[in-house]
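Asker: Just passing along the structure, written as structure tokens.
Every number here is computed from the coordinates shown, using simple stated rules; none is lab data. This one's a predicted model, so the numbers in the text were calculated from it and none came from an experiment. Note that each Cβ is placed from the backbone with ideal geometry, even for glycine, and that neighbours are counted across all protein chains shown.
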Amino acid sequence: MRIALFEPEIAGNVGAVLRLGACMGAAIDLIEPMGFEWDDRRVRRTAMDYIDHVEIARHAGFDAFKATIGSSRLILLTTKGSQSAYDFRFLPDDILLFGKESAGVPAAVADACDARLRIPMRPQVRSMNLATSAALALGEGLRQTAALPG
């Protein structure tokens, strides 16, 4: 299972997701442009030394990323999703896609996905932190596919 971040804007979030990927054995795809320079010290500070234990692929844009995924399903996690991530049947090679922090993904990207899922939360709040959402979705996907490390 992989995590893909569409045009991430916050270096600390990317660092936290890289650390998550390292700990859980999930590769990370970064779809550019990003809202910060790749060598931003905040990425390494948040990822700590875990950045050396995760497979990272950077893509020039969504089309370049899409050309690399083969037959894997692209699963969009979005507050606009109609199906709960906990009612969805994940497959081991799914790619979990998360949109940019301020705006999610454009309609054309959402339309290119195989499923649009949401993480259930209280109606009084808008959304969770990107890294928290990625951890919940990846954990559920790995639990279902019995691919949890260790």
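Asker: Enumerate the residues in segment 90-111 having an amide nitrogen under 11 Å from the point lying 7 Å beyond the Cα of V125 toward its Cβ.
Answerer: Residues passing the 11 Å test: none.
Asker: Along the Cα→Cβ direction, 7 angstrom out, place labels at S102 and A146. What is the inter-label distance in nm?
Answerer: That separation, rounded to one decimal, is 4.5 nm.
Asker: Estimate the FRET efficiency between C23 and D52 by the formula 1/(1 + (r/R0)^6), using the beta-carbon distance for r and 22 Å for R0, to the nearest 0.05.
Answerer: It comes to 0.95.
Asker: Now, a different point. Run lengths n ≥ 4 of DSSP H only: what is the helix-derived mean residue ellipticity at 222 nm for the chain, with -39500 (n - 2.57) per run over all residues, to the nearest 500?
Answerer: -8500 deg cm²/dmol
Asker: With the calculation restricted to Cα positions, what are the radius of gyration and Dmax of the chain in angstrom?
Answerer: Both quantities, over Cα of the chain: 14.2, 39 Å.
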